[in-house]
Amino acid sequence: MTRSLLGLGMLALASMAFALALGSVTVSPADLWQVIQGEGSTLHRTLLLDLRLPRTLAAFGTGGLLAVAGALMQVLLRNPLADPYVLGLSGGAAVGALLAMLMGMGTLIISGSAFAGAMLATVLVFGLAHGTGSWTPSRLLLTGVVVAAGWGAVITLMLAITPSYKLPGMLYWLMGDVSYARSPWPAVVVLAVSVVVIMPLARNLNVLARGPMQAAALGVSVRPLEWTIYVLASLLTATAVTTAGSIGFVGLIVPHMLRLILGNDQRIILPASALAGGTLLVLADTLARTMIAPEQLPVGVITALLGVPTFLYLLHRSR
């Protein structure tokens, strides 16, 4: 366990150094080390500390949030194909963000509207799935799929009535773009706090993954634990979407891949998902910045191009 997490931590640091060094202006390892030590030229310090470092941290925090949320959703729904967006949270966030863009609001209002939309989707899905009685994972999943389809229709309507000069920004947000991140710290702080909070529950999550009846027989309070997972996963997803828009496949592929490599122990999967998800998105964002430099691609395009063949391979291997 310790060796695996240490390896992932070193890989995360290497990916960050790689992201800081590469771009339209390449920074040599010697210059990078000088800036880390508080020295170096003013140009390099401005380029690395003011431009690339915040974007790199935002990418790491967003990727880690999505991967941990995906791992939690897969335990909650007991479905290895579940991802953070399966319950329609990204649709609610997208409607809130696009509405703010349509009204010409600033970046702060757009982020707040996206978070409010995600929280509204969370309450809506849970309320409809609960109904007058209790809810089950299958009922929650079906409700989320239907609500997500409804959000998709609203998004299509908004894009259809939006003036043409506002469409590029909206489309980039929908595809996921770390360059829209206003500040990396909310994502990084929420990721660190969530991992600390969820780790004491990892043993109970291992039992819950085997089924609610077996978990209840072993003394686990199933319903409060499921509520905790749902609320925490929703908060993680809302923070990630607020930071960088809708970025697909990270929350689906990373926990699934780690489970095949490291086993199904949540005490390892959860912190490993935070590190691996952040590393994956940092590398994907670096590729998005450098592939057709000086032009930049939305990082969601890169994760989709990498995610589809990877997931198909994982499905073939698990079969």
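The values are calculated or read from the model by the stated rules, or taken from the named source; none is laboratory data. Being a predicted model, the structure only gives us computed values, none of them experimental. All Cβ positions, glycine included, derive from the backbone under ideal geometry; neighbour counts span all protein chains shown.
Here GLY63, GLY23, GLY7, GLY40 are screened, and the one residue that is modelled with pLDDT of 85 or more and over 15 Å from THR237 (Cβ atoms) is GLY7. Residues that are in contact (Cβ under 8 Å) with a residue 12 or more places away in the chain, over 14 Å from LEU280 (Cα atoms) and surrounded by fewer than 19 Cβ atoms within 10 Å (Cβ to Cβ) within region 8-28 comprise LEU22, SER24, VAL25, listed in sequence order.
Looking only at region 38-53, decide whether some residue is touching a Phe, Trp or Tyr at 6+ places or on another chain (Cβ under 7 Å) and crowded, with 19+ Cβ neighbours inside 10 Å. So far as region 38-53 goes, no, none of its residues is touching a Phe, Trp or Tyr at 6+ places or on another chain (Cβ under 7 Å) and crowded, with 19+ Cβ neighbours inside 10 Å. A count restricted to region 123-141 and to residues that are more than 14 Å from LEU76 (Cα to Cα), surrounded by fewer than 18 Cβ atoms within 10 Å (Cβ to Cβ) and modelled with pLDDT of 80 or more stands at 3.
Scanning region 143-178 for residues that are surrounded by 15 or more Cβ atoms within 10 Å (Cβ to Cβ), among the polar types (S, T, N, Q) and farther than 20 Å from LEU124 by Cα yields a single hit, THR162. Residues in region 158-188 that are of a type in the set (Val, Ile, Thr) and not in a helix (DSSP H, G or I): THR162 only. Cβ-Cβ distances below 7 Å connect the following pairs, each with a first residue in region 151-162 that is closer than 13 Å to GLY91 by Cβ, a second residue that is assigned to a loop (DSSP other than H, G, I, E, B) and modelled with pLDDT under 90, and a separation of six or more residues or different chains: TRP151/GLY88.
Checking the structure you have, find out if any residue of region 159-171 is farther than 29 Å from GLY61 by Cα and either among the polar types (S, T, N, Q) or at pLDDT below 80 (or both). Scanning region 159-171, I find at least one residue that is farther than 29 Å from GLY61 by Cα and either among the polar types (S, T, N, Q) or at pLDDT below 80 (or both), so the answer is yes.
Selection within region 302-319: residues that are closer than 20 Å to TRP173 by Cβ and surrounded by fewer than 18 Cβ atoms within 10 Å (Cβ to Cβ). The member of this set that is nearest to the chain's Cα centre (by Cα) is ALA304. For PRO80, the requirement of being at pLDDT below 85 and under 22 Å from TRP151 (Cα atoms) is not met. Can you go through GLY245, GLY278 and tell me which one is at pLDDT below 85 and either surrounded by 24 or more Cβ atoms within 10 Å (Cβ to Cβ) or in contact with a Cys (Cβ under 6 Å, 6 or more places away or on another chain) (or both)? On inspection, the qualifying residue turns out to be GLY245.
Of all residues in region 248-258, those being over 13 Å from LEU312 (Cβ atoms) and surrounded by fewer than 23 Cβ atoms within 10 Å (Cβ to Cβ) number 1. Inspection of region 213-227 identifies no residue that is of a type in the set (A, V, I, L, M) and buried (at least 21 other Cβ atoms within 10 Å of the Cβ).
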